[in-house]
Each structure stands twice: as C-alpha cells, then as structure tokens.
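Chemist: One structure coming up, written as structure tokens, with questions to follow.
Nothing in this text is a laboratory measurement; each read-out follows from the coordinates by a stated rule. Keep in mind it's a predicted model, so treat the numbers as computed, not measured. Quick reminder, even Gly has a Cβ in these numbers, built from the backbone with ideal geometry, and neighbours come from all protein chains shown.
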Amino acid sequence: MKNSIFAKFSRFSLQITKNATFPTHKIIQKQFKFMALSSERVFSSTKFNSETLIRKKMEEFNDLFVEARDEIEYANESQEMTYFNDEVEAAKLAVKNATDCFEELLKGVEEKEKQALMRANGLKVEQLKQELEQLLAEHHH
C-alpha cells in the first residue's frame, strides 16, 4: 500500500502519491484556458478595422499577459516540488501565447496604432520575456 497510487481530493490539491501534490485548481484552469485559446484565435491574419476588434484583441492580450505572469510566479514558487518542470513548461507556453497574441495585434493595425501599442505595451512584453529568461537561467532549463 505504501507505493500504491491513490487520489485524494481536497480544496486545492490532488494527491497522486504520498510525496507529490499537484494543485487541481491550476490543472483545471489550464485545461479550460487551453480550450479557450484554441477557440479564440480568430484574428490570426486579419486586419483589425474597428476599435471593437482592437479592444477585444487587447483584452485577450492583457488576460494572457496576466496568466503568463502568474505561471512564472507559480514556477518560482514550486522550485523544490516534483512538478516544477511542468510549471516551467506552463510558464513557457503562457509567455509564448501572450507574445504571439501581441504580435498578431501589431500585425493587424495601421502603423500609427502599432506605434501607440508599442509605446503602451512593448515594455510589458519585454519584461515578460526577461522574467521567463531569468527563471530559466536560475534553474538551468
């Protein structure tokens, strides 16, 4: 019984083995976020010809940005845990999704709007990339 696999549900975790605990709220959140991302990639090669589309894409970017920051934080917090590598992979994917979304946004607007978006958000994107690079460098990934 000592080495058997069992599931024990609690408010925030799913215990797979005696020594490994995985936050279920994050697992479920990631599954739903993945499904949402796959269904929302409508804008990939279109020009955004209305303020509403630009605002919607900007909201998507902001959501992805917050998620990426959270994933980097989760990875930093899980350093000595068995699921650390999974958290790092989730952080990489989240940063990629956020930066890809921002690049799609820039491709879909006129030059004047592109410059304004870069002034307002370019540093955020670079900061996100730097935080991921720091995480990877600190933990040799």
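Chemist: Across the range 82-126, how many lysine pairs separated by 8 or more positions, or lying on different chains, have Cα atoms within less than 21 Å?
Modeler: Values: Lys92/Lys124; Lys96/Lys107; Lys96/Lys114; Lys96/Lys124; Lys107/Lys124; Lys112/Lys124; Lys114/Lys124.
Counting lysine pairs in the range 82-126 gives 7.
Chemist: Once you place label points 7 Å from the Cα toward the Cβ at Glu59 and Asp100, how far apart are they in nm?
Modeler: Label-label distance for Glu59 and Asp100, simple model: 2.2 nm.
Chemist: Full-extension gain between Met81 and Glu126, please, as 0.36 nm times their residue separation minus the C-alpha to C-alpha distance.
Modeler: Numbers: separation 45, 0.36 × 45 = 16.20 nm, distance 2.81 nm.
Difference between extended and current length: 13.4 nm.
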